[in-house]
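First the structure, in the form of structure tokens, and then the observations on it.
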6 protein chains.
Amino acid sequence: MKKPISRYPVPEIKDLPEDMRERILKVQEKSGFVPNVFLVLAHRPDEFRAFFAYHDALMEKESGLTKAEREMIVVATSAANHCLYCVVAHGAILRIRAKNPLLSDQVATNYRKADITPRQVAMLDFAMKVSRESERVDEADFAAMRAAGFTEEDIWDTGAVAALFALSNRMANLTGMRPNDEFDALGRSPK
Amino acid sequence: MKKPISRYPVPEIKDLPEDMRERILKVQEKSGFVPNVFLVLAHRPDEFRAFFAYHDALMEKESGLTKAEREMIVVATSAANHCLYCVVAHGAILRIRAKNPLLSDQVATNYRKADITPRQVAMLDFAMKVSRESERVDEADFAAMRAAGFTEEDIWDTGAVAALFALSNRMANLTGMRPNDEFDALGRSPK
Amino acid sequence: MKKPISRYPVPEIKDLPEDMRERILKVQEKSGFVPNVFLVLAHRPDEFRAFFAYHDALMEKESGLTKAEREMIVVATSAANHCLYCVVAHGAILRIRAKNPLLSDQVATNYRKADITPRQVAMLDFAMKVSRESERVDEADFAAMRAAGFTEEDIWDTGAVAALFALSNRMANLTGMRPNDEFDALGRSPK
Amino acid sequence: MKKPISRYPVPEIKDLPEDMRERILKVQEKSGFVPNVFLVLAHRPDEFRAFFAYHDALMEKESGLTKAEREMIVVATSAANHCLYCVVAHGAILRIRAKNPLLSDQVATNYRKADITPRQVAMLDFAMKVSRESERVDEADFAAMRAAGFTEEDIWDTGAVAALFALSNRMANLTGMRPNDEFDALGRSPK
Amino acid sequence: MKKPISRYPVPEIKDLPEDMRERILKVQEKSGFVPNVFLVLAHRPDEFRAFFAYHDALMEKESGLTKAEREMIVVATSAANHCLYCVVAHGAILRIRAKNPLLSDQVATNYRKADITPRQVAMLDFAMKVSRESERVDEADFAAMRAAGFTEEDIWDTGAVAALFALSNRMANLTGMRPNDEFDALGRSPK
Amino acid sequence: MKKPISRYPVPEIKDLPEDMRERILKVQEKSGFVPNVFLVLAHRPDEFRAFFAYHDALMEKESGLTKAEREMIVVATSAANHCLYCVVAHGAILRIRAKNPLLSDQVATNYRKADITPRQVAMLDFAMKVSRESERVDEADFAAMRAAGFTEEDIWDTGAVAALFALSNRMANLTGMRPNDEFDALGRSPK
């Protein structure tokens, strides 16, 4: 009953263009496995490159949001979009980045009940509004973010991460992207 | 930032009526800890007794649904109701009952993408309809269950588990019931 | 075109276990007829007992909410769940308890337009939030209830009645439970 | 706690233009009271005249739909719009026209559970689609109506009654139109 | 691939009753073409007369709302109802009345982003509430309108225009009413 | 009352990095003006580059979908997301690419009523499902696309365009991106 990695053909790493192969092997070296998102999106090299360029521009750069906070946004909005790949993969990353094994399940199920700061609740409120009804984002939402201590650039980051994973969740749901089994053990409570 | 166990007073186990104390100590012996649902609902002994009587009548009895399948219903409907306690606690039980560390996150995020059988998808489709729009349950839904091999009594079980956790999820959300940290490690992948 | 009482077999009262038969006959004596909920749920004796134990624990006990107010909660939330049995049966009880023939139709259709007190509107706002989106119940909702004069225990009662009928409505919709024709005449305006 | 008839000024019948006064007195003679919709809409004579002209054109004329069936459409769609005036007033008319005291509560709460014919269910399915998501009405909806025995003109009638009460429900909700207490006793079960 | 004007028969103008023919010819003289709404609704003369009587009573009379403002209400609510005829036809009228070629697309897509005054935003907020969830219209909504400078009669006008087009949108969606191609060029930006 | 181009600072073209300046000037040369999306996103050069790389990978390449068809997807999904910039800007492009002045308003308001082929309706049904509830995309949706004549790669293109504009719409709504007035006149009906 195990689902395949993708509805689409998945290329062999060795057949990929040099730049993509290099990137993937670097991730593999660091994580011990190749997250399926790389293999699934590699079916379309130009989209692969654009996606990871966008990803790095938001997720790897310096920001008023910590990397754990950005992962919270990914997990909360991906759960709302019922994106299995992103909830499982970024849930693992969030557990590791926040050094908290409980946080991912909390944020995925109901971030209002999670063990996070009021500032982080405000951030997720904003991210969820961008994710679910961006047409209603208005000055009051910006004011609430400023009141929680965020700068204008932090607000862009918050909204842009939600926007990028709006795309990412849809691509994962379109392709039926399956999360690697390896994610499950990462960052969990000691047994 | 850690949230309390309940918005309401939580009684000491030693102060509880004999029958409730016994039940709780038996669970503690078996699990190694007292799941918070017992402590939170113990604030109201009569409701406690009725709730667990209902729970046992559905979750412990013989049924055409395996215990793991009944837990799938709990996890899928509780996720739709954003009930943190039930997703975490019953997610742990489902991992154990199904001997599958991946299943709970799959079912909680998007059961249509989970590694389950078509019969189980039909069961969750029916449970979700009872949970989310029971007013539209009709003969076609019963026919789909029968076509998937369920008896009339199995269909009652499926709907009744969804109905019981409609209650349970609301009580957990009302009281702000916090899942025990201990659930996290249960049934996970080996590290 | 008259619908049956239940999609499931309905036992004969004489064949029921003693405790259930007694309870049912007592109701029949008091009301002049046996409300179908007793017959429909009697198909599963353990669930029957748990349900009515829960029911009595909330609906019959002393509370800061009057019995009429608790019936308002039942009618308003059952109408939102399109539960024919509960709207008709508890609509009759509400008319009788409130000594007001108009109240049930008002509360079922749009409680915000009903001839009730601001305190009762606050109670129904809270009950509806528990019924329809309990995951969003937060401190502001508790504060609104306190401002309307409710104690913490009253708030539990309000939420718990909504939660119990979340279960009850789903069981009625699952079984296709038909309200007795006798309810219609109860508590109506004099002709 | 009794709500007023309207948020807007309600004219005296004697001060109304002749044609309106005549119409109202005729209704009063027939029913024994003046339904509040006449008084509330009379605040705007031109709109009053247009509304009742539209009403008569659909509700009084010969049609493949019986008058009781047209009232079913009014009750079902008005309940979905939570229009207190229309549910109570037309609920009374439906009870009388159908000579069935139970039908209005059934249709208002969940027409799929009502004691009506499959043809009438099809009619209400169509009416509800026009009322709630007319943008999705398509050939399949027309085909379903034809299959249930309705002509093209019957389909127009069904949709047009739903459309007229889309207007009417909104005017009643806008003005806070209160149903007359007298409606409650009409067409009920004998006591 | 061009869709027909109506799902129903469209009468010849010459065959229409005198009063209808006159009205239509007057519009044709003024606009240079006969808007399809006249031809489609003419299939039912009594409904035609009632509709246009209602229309004129609200759209042609003196009001605290300018004619352009009333068209804004039509465009915003018709877009929410996905009514192609009304968005295109009244979009053209709004461009002309407001002497602003950009306004219709703005109001149809997201009136909160349109180049309109705060007073007009308040008016459209109220109109949209009447159009989409009139059951929740309450004193706070009236207060917001008064704060924006509207009188009680202006508020009626706002709600009544939304209500009339709730009907109109449904009739257009029911009949599959096609907007005339001629509307497109009206009131656009100079090339 | 004219809204600004962006909530964020808009850079001068002359201050931009060479590659961005070149791209923008090329667009300006071709269109006669600089579409605001370039100026608004230029606030973040790395995101700008990633966005347009993704855009070109999907919108400029060879595909089983014509360029006009891809623009239909943009207009339909952007309208559902109430994204003013995308509806206006891509509405203009669609009018030009399809050589049909009426199509953009039709597709934005209700694509089911638009003058398009059944194949294009199937394409937009699929795109809308990816845009609005991608978690429910399943084999039946793929089958419907295949039945309409689309290849697996065409289906990816359809979903990916919807996914990219899920991102784009959110960025436009976040920044309050204003469409250039110049778009209005493009591709309209001759006057």
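Side notes on the structure shown:
- Applying both filters, DSSP loop and at most 14 other Cβ atoms within 10 Å, to the trypsin sites (Lys or Arg not before Pro) of region F:87-139 gives F:K99.
- Angle between chain A longest axis and helix A:67-80 axis [Cα atoms, degrees, rounded to 10]: 80
- Scattering profile of region B:108-191 at q = 0.16 Å⁻¹ [log10 I(q)/I(0), Debye over alpha-carbon scatterers]: -0.77
- Which of C:G159, C:N173, C:A148, positive extreme of dipole for region C:122-173 (C-beta unit charges): C:N173
- Of all the options C:V130, C:V75, C:V87, the one that moves most in a Gaussian network model of chain C with Cα springs shorter than 10 angstrom is C:V130.
- Sorted from closest to farthest, the other copies place their B:R136 label points 0.7, 0.7, 2.0, 2.0, 2.1 nm away, with each point set 7 Å from Cα along Cα→Cβ.
- Distances between copies of E:P9, taken at a point 7 Å out from Cα along the Cα→Cβ vector and listed shortest first: 4.8, 5.8, 5.9, 7.0, 7.9 nm.
- Greater than 29 Å apart at Cα, pairs in B:K2/C:K129; C:K99/D:K61; A:K67/B:K191: C:K99/D:K61
- A dipole drawn for region D:39-130 from +1 and -1 charges on Cβ atoms has a positive end, and of D:P45, D:T109, D:A89 the residue lying farthest that way is D:T109.
- Assigned charges on the beta-carbon of Lys, Arg, Asp, Glu; region B:100-191 dipole about Cα centre (debye): 380
- Residues D:D157, A:D56, D:D184, sorted so that the one with the fewest Cβ neighbours within 10 Å comes first: A:D56, D:D184, D:D157
- Folded to 0 to 90 degrees: helix A:152-175 orientation relative to chain A principal axis, Cα: 40
- The mean of 1/r over all pairs of different alpha-carbon atoms in region C:1-92, once inverted, gives a Kirkwood hydrodynamic radius of 14.5 Å.
- Choice from B:N110, B:N81, B:N36 with maximal GNM fluctuation in chain B (Cα, 10 Å cutoff): B:N110
- For F:G64, label point 7 Å along C-beta direction: distances to other copies, nm: 4.1, 4.1, 4.7, 5.9, 6.4
- Max mean-square fluctuation residue, GNM over chain E, Cα-Cα springs under 10 Å, options E:A144, E:A163, E:A92: E:A144
- Order of D:E182, D:E69, D:E62 - criterion: other Cβ atoms within 10 Å of each residue's Cβ, fewest first: D:E62, D:E182, D:E69
- Prolate/oblate/rounded call for the protein assembly as shown, Cα gyration tensor, a/c under 1.5 rounded: oblate
- The dipole here belongs to chain D: it is taken about the Cα centre, uses +1 on the Cβ of Lys and Arg and -1 on the Cβ of Asp and Glu, and is about 800 debye.
- Using only side-chain charges placed at the Cβ, +1 for Lys and Arg and -1 for Asp and Glu, the dipole size of the protein assembly as shown relative to its Cα centre rounds to 0 debye.
- Against the main long axis of the alpha-carbon atoms of chain F, helix F:18-31 sits at an angle near 70°.
- Tensor-based shape of region C:44-191 (alpha-carbon gyration tensor, a/c under 1.5 rounded, otherwise prolate or oblate): oblate
- Whether region D:13-59 is rounded, prolate or oblate, judged on the alpha carbon gyration tensor where a/c under 1.5 counts as rounded: oblate
Read-outs throughout are calculated quantities, based only on the coordinates presented, and are distinct from any laboratory measurement. Just so it is clear, the structure is predicted and the values come from calculations on it, not from any experiment. Positions of Cβ are generated from backbone atoms using ideal geometry, with glycine treated the same way; all protein chains shown enter the neighbour counts.
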